[in-house]
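The values are calculated or read from the model by the stated rules, or taken from the named source; none is laboratory data. Values in this document were obtained by computation on a predicted structure and should not be read as measured data. No Cβ is skipped: glycine too gets one built from the backbone with ideal geometry, and neighbour counts run over all protein chains shown. When the accessible area is computed, the model is the full protein with side chains, heavy atoms only, and any ligands, DNA or RNA have been set aside. Shrake-Rupley method; radii C 1.70, N 1.55, O 1.52, S 1.80 Å.
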Amino acid sequence: MAQKTKELMALTGNEAAAYAMKQINPDVVAAYPITPQTELMQTFAQYVADGLVDTELVAVESEHSAMSACVGAAAGGARTMTATSSQGLALMWEVLYIASGLRLPIVMSVVNRALSAPINIHGDHSDSMGARDSGWIQLWSENAQEVYDNLIQAVRIAEEVFLPVMVNLDGFIISHGVEVVETLPDDTVKEFVGERKSPYRLLDIDHPITVGALDLQDYYMEHKRSQAEAMRTAMPTILKVGKEFEGIAGRNYEAVENYRLEDAELVVVALGSTCGTAKDAIDELREEGIEAGLLKIRVFRPFPWEEIKSALGSKKAVAVMDRAEGMSAVGGPLFHEIRSCLYDLTNRPLTVNYIYGLGGRDVAIEDIKKVFYDLVSIAKLGKVEDFYRYLGVRE
Amino acid sequence: MQEMLEIRWHARGGQGAKTAALLLAEALMGEGTYVQAFPEYGPERMGAPMRSYDRISSKPIRLHTSIKTPDVIIILDPSLLTDPSTMEGLKEDGIILVNTVEDPKTVREKYHIKGRKIYTLNASQLAQEELKRDLASVPMLGALIKVTGLRSLEVFLHHIRKELERKFAHRPEVIESNLKLYKRAYMEVKGE
Amino acid sequence: MKLTDKSQGWKELPIGGIIPGGGTSRAYKTGTWRTGKKPVWHPERCIQCLSCWIYCPDDAIFITEDGKRADFNYEYCKGCGICARECPAKPEKAIEMVDELR
C-alpha cells in the first residue's frame, strides 16, 4: 500500500530509519545485527521479505564484511545503505576509510552506543566520535523525526558530493523510544532522492575502470587533497539539500540549530537527543531570568566553523557537552573543535567542557540547569578555573 | 487533560511492558496529542526488573530523559512493590495500578501505601483466559484507560485496532482476542 | 596512454584514485625489470601443454590464433623464471633460463 499523503506515525527512531529506507528503496543493503541497531535492520528486512522494496539485502557474517559488501556494491553503481552501532562500527573501521577514500556515496545509520570495555549497550557518542577522521559526513539527529529527515537528505548529499554519510541517532533514547513522526508520501521521497547518477561504475563494461589501485608517494597525496576538498566544499550542498527538503517537508535544516540563542549570554553546545532536554531546561531558566540558549550541532562533519563562530562570537560563557570521553586528558572532541574555532575572535567567550551521559547515563533537565548555573558563576567570575569537567558522575 | 501526563511501568522482562508502553503511545497519538514511549533496559533478560515510560502531552515533547515524578505507575508484578524505588517520585495525587489477585484495600495495607489512588486488576488471569499467555501488560492498557479517563473505551478501541492491524498483519487471529481483553479489563478494574 | 605523467595536479585527477579505461597494464612494459636472466624457448622440445602460459604472472607468452604457444614477448617478461621451473617437458625442459647482459 503506497503512502499518498503526509502522515503522522508513532515510530521508534529505528523504525523511522527503516521507514525512510523503505521509501528510499536502495539497490543494496548489507548489514549485520547489533544492539541497539538490530530492530532497524529487522524492520527493514521485513519490508524486503514482504516485497515492499526492490533491495538486495545481503546478510553478512560481520560488520567488516557488511561495509566491504557496501563498498563493492557502491563501486558497482548501486545505491547502497547499511546501519550499525558501537563495536560494529569499530569493526568496520578500516573499511570506513576505504569507502570515503574511494569516494563512494554509502549512507549508514549509526545507532550510537558506548564502546567496551566495560561492556555497555546504551547510548553515547564514543563510536561515531572515534570515526570523525574517517572522511564520512556526519549528521546528528535530536529525535526520531530528524532521523527520518536526515536519512532522506543523506542520500542526496552523499551522491552529490561523492562522500559517504552517517546519520547518527542516540541508542535506546531515540532508537527504542516511540515519538510522533510526520512521514512523506512515497512518491515525494522517490522524486526527492531520484536515481543515483555516477560518472564511474565498476559494472559498466563498456567503460571499464580500475577501482582501488595501488597509489604510492607519487599520487596518494593528490587523491587525499581532492578528498579533503570534497569535505571542504560539502557544506553548500548540505544546505542546498536542506532547503529543498524544507520545500517538500516544511521542516528547516541547517548546519546548526539556534534555540533562544540570539539574546542569550550563556550557551550550551550539544549533539543529539540531549538538545531536546536542553530546550526545556532553557525555557525554565528563562523564567528564572537567566539568559540561556542552545547551539545544536546537526552537521559535525564537515565542521560548521563559520556558523559556530558567528553563533558564539558575542557570548559570555559557553559550555560544550561531550557525550564521549576523548581520552586526550584535556577534554572531549567537540570541545576542542569548538574552542579552536573561537580562537580567531577578538572577544572570545569563556569556554568549559562537560563530559556527560556516558554509557546511557540519564540526563535530566536539572543536569542541564546545573551546567547553566555553573555558567552564571563563570561569567560572574570572568574566568574558568577548571575547564574539563564531568556532569552527573559519582565522586 | 493536563498539559503532560507521565506514566511509569514497572515489570519483569518478558511481561510485555515495553510493547504495551509503545502500543499505548501509538494508540493515543494524533489529533493534537503528542506521545513518547521508551523502555529502560538493564541487560535484556527475562524476569529481570525493567521499566518503561509513556509521556502523553498536548504539546510536542522534546524531553529525552526518564520519568522521575510520574502521574501514574503501573505494576505488572506486585512483588516489585516491596522495592521502595518503585513508588519513588509518584505524585501525591498519583495513581497506582497493580496486576494482582488482591483488592486495592489489601494492597494498601500490605505495602503500607499512604495517599494516592490504588486500582487493581487480576490481569494475569484475564490474559491467561483470553490469550492463553500471562501477558498481563495487555489488559492493563484497558484498565489504564478506565482509571485515567484518557479516552472513551470506544475511541481507544478504534485507534488501537488500527495499530494492532498494522503490527499483527502477519497474525490477524490475535487482534480480536486482544480487543476483547481490553474491554474486560476496562470493566473489571477495581478502585477503593 | 601515459601512465607516468606526474605533472597532473589534484584537481585534474579522477576522484577516489579511480583509473578510467581498461587494459591499462598493457602500457606498463614490465620487461625492463629483468635482471641477469631471461627465458629461452626451445620449440622442438615443447609439448604445447601451455603450463608456462598459465603460470606466467604477466603477459609474456604469445599464443597464436589456433591456441598454440609461440615465443616469449620480452616486453613483459620480468625474468622471474617460473615458466622454466614449471615446464614439464622431458627429458629436457623446453624453457631454459640463460644469462642476459644488457
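The set of residues from segment B:62-118 being under 16 Å from B:Ile7 (Cα atoms), hydroxyl-bearing (Ser, Thr, Tyr), part of a loop (DSSP other than H, G, I, E, B) and free of Cβ contacts under 8 Å to residues at least 40 places away in the same chain comprises B:Thr65, B:Ser66. Kindly indicate which of A:Gly177, A:Gly242 is facing another protein chain (nearest Cβ under 8 Å), open to solvent by less than 50 Å² (accessible area, probe 1.4 Å), closer than 27 Å to A:Ser273 by Cβ and not β-branched (Val, Ile, Thr). Testing whether each residue is facing another protein chain (nearest Cβ under 8 Å), open to solvent by less than 50 Å² (accessible area, probe 1.4 Å), closer than 27 Å to A:Ser273 by Cβ and not β-branched (Val, Ile, Thr) leaves just A:Gly177. Residues that are among the hydrophobic types (A, V, I, L, M, F, W, C) and more than 14 Å from the chain's Cα centre (by Cα) were ranked within segment C:27-49; the one that is nearest to the other protein chains (Cβ to nearest Cβ) is C:Cys49. Taking the listed residues B:Lys59, B:Lys68, B:Lys18, the one that is within 14 Å of chain A (Cβ to nearest Cβ), surrounded by fewer than 18 Cβ atoms within 10 Å (Cβ to Cβ), under 18 Å from the mean Cα position of the chain (by Cα) and of a type in the set (D, E, K, R) is B:Lys68, with no other qualifying. I'm trying to understand the selection: among the residues of segment A:19-56, which are away from every other protein chain (no Cβ under 14 Å) and among the hydrophobic types (A, V, I, L, M, F, W, C)? Those that are away from every other protein chain (no Cβ under 14 Å) and among the hydrophobic types (A, V, I, L, M, F, W, C): A:Ala20, A:Met21, A:Ile24, A:Val28, A:Val29, A:Ala30, A:Ala31, A:Leu40, A:Met41, A:Phe44, A:Val48, A:Val53. For first residues located in segment A:324-352 and more than 23 Å from A:Gly382 (Cβ to Cβ) and assigned by TED's automatic domain parsing to the domain that holds A:Leu375, partners that are surrounded by fewer than 21 Cβ atoms within 10 Å (Cβ to Cβ) and basic (Lys, Arg) and lie 6+ apart or on another chain with Cβ distances below 9 Å form the pairs A:Pro333/A:Arg132; A:Glu337/A:Arg132. Pairing residues of segment C:14-26 that are at the interface with another protein chain (Cβ under 7 Å from one of its Cβ atoms) with residues that are surrounded by 14 or more Cβ atoms within 10 Å (Cβ to Cβ) and of a type in the set (Asp, Glu), at Cβ distances under 7 Å and at least 6 apart in sequence or on separate chains, gives C:Gly17/A:Asp215. If only residues of segment A:333-371 that are more than 14 Å from chain B (Cβ to nearest Cβ), open to solvent by 10 Å² or more (accessible area, probe 1.4 Å) and aliphatic (A, V, I, L, M) are counted, the one that is nearest to A:Thr35 (Cα to Cα) is A:Leu358. Within segment A:42-94, the set of residues being among the aliphatic types (A, V, I, L, M), open to solvent by 10 Å² or more (accessible area, probe 1.4 Å) and within 18 Å of the chain's Cα centre (by Cα) comprises A:Ala90 only. Within the option set B:Arg62, B:Arg55, B:Arg45, being basic (Lys, Arg) and farther than 22 Å from A:Ile368 by Cα holds for one residue only, B:Arg45. Please go through segment A:310-346 and give me each residue that is part of a loop (DSSP other than H, G, I, E, B) and polar (S, T, N, Q), ordered by number. Within segment A:310-346, A:Ser314, A:Ser328, A:Thr346 meet the criteria.
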